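Asker: Okay, handing you the structure first.
The values are calculated or read from the model by the stated rules, or taken from the named source; none is laboratory data. Remember, it's a predicted structure, so these values are computed and weren't measured experimentally. As a convention, Cβ positions derive from the backbone with ideal geometry for all residues, glycine included, and neighbour counts pool all protein chains shown. Areas reflect the complete protein model, heavy atoms only, side chains present, ligands, DNA and RNA absent. Shrake-Rupley method; radii C 1.70, N 1.55, O 1.52, S 1.80 Å.
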Amino acid sequence: MLAALVAYVSNTPAQSADLSSILASTAVQPPAEIGFREERNNPMFKEPMVLAGRLEYLDAGVLRKVVEAPFEEDILVEGDRVVVTRDGKTRKLSLNRSRALKTILGAIEAVLAGDQARLEASFQCEVSGSADTWSLQMTPLVKAVAKRLSSIEVTGNAQAVTSIRISLPNDEWHQMQIGDEPSP
């Protein structure tokens, strides 16, 4: 009897992933913090730049990225403004000046918050994989944003988002591995 049950479970295909179940199972309640390792590829560089640090989801609409290596930088996103602190200097930027950046940051927060309506308001969303190993491909709906952002791909498992890849025109991309101890 036990052998038949094991054989049945082993031969049963994994449940396919859908956007609502992914967002429900991976939503994060603020405040939350997790480590990251990011590679940034720009065709003008010989090799990708590698950054490491931590991400913080402080409250609804409030995100922070703290880069700890190879330099120190603090990026706080709160509502429609971004505050960047590096080398003791602080710059304040309005997200209203860059619709693409506002859309990217909005998508990341929407994934964290589990907000499907907000994602689908800005992106064509395609899910592939199973509930245990899934991928969410997001393509901007607005042409002006699509000129600056090719796509965002978010991958994860049944419990959490594990990576975010932002693809920009001209072969530029940012790949962020997320976890308490991202692989080097």
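Asker: Within the stretch 56-78, whose backbone N sits under 17 Å from a point 7 Å along Cα→Cβ of ARG97?
Answerer: Residues 75-78 qualify, since their backbone N sits under 17 Å from the label point.
Asker: With a 1.4 Å probe and all protein chains left in place, how much of the accessible area of the chain comes from carbon and sulfur atoms, in whole percent?
Answerer: So the carbon and sulfur contribution to the accessible surface is 52 percent.
Asker: Compute the relative contact order of the chain as a whole-number percentage, counting only Cα pairs closer than 8 Å that sit 6 or more residues apart in sequence.
Answerer: Worked out over the chain, it gives 23 percent.
Asker: If I take all pairs of Cα atoms in the chain, what percentage of them are more than 25 Å from each other?
Answerer: Percentage above 25 Å: 38.
Asker: Apply the a/c threshold of 1.5 to the C-alpha gyration tensor of the stretch 32-118 and tell me whether it is rounded, prolate or oblate.
Answerer: Judged from the Cα gyration tensor, the stretch 32-118 comes out rounded (a/c under 1.5).
Asker: What's the long-distance tail for the stretch 78-127, i.e. % of Cα pairs beyond 19 Å? Don't jump to the answer; show the numbers that get you there.
Answerer: Working: 446 of 1225 pairs.
I get 36 percent for the Cα pairs in the stretch 78-127 exceeding 19 Å.
Asker: A further question follows. So what is the accessible area of the chain per residue, in Å², with the probe set to 1.4 Å?
Answerer: For the chain, the per-residue accessible area is 60 Å².
Asker: Same structure, new question: Quick one, could you list the DSSP H helices from the chain stretching 18 Å or more along their long axis (Cα atoms) with average Kyte-Doolittle hydropathy of -0.5 or above?
Answerer: Helices meeting the span and hydropathy rule in the chain are 99-113.
Asker: Here is a further query. Using the basic label-point model (7 angstrom from Cα toward the beta carbon), what is the GLN124 to ARG81 distance in nanometres?
Answerer: Here the answer is 3.7 nm between the modelled labels.
Asker: So what's the gap between the Cα centers of the stretch 150-166 and the stretch 71-124, to the nearest angstrom?
Answerer: With the stretch 150-166 and the stretch 71-124 each reduced to a Cα centre, they are spaced 17 Å.
Asker: Take each of the peptides 140-149, 80-89, average the number of other beta-carbon atoms within 10 Å over its residues, and list them starting from the highest.
Answerer: 140-149, 80-89
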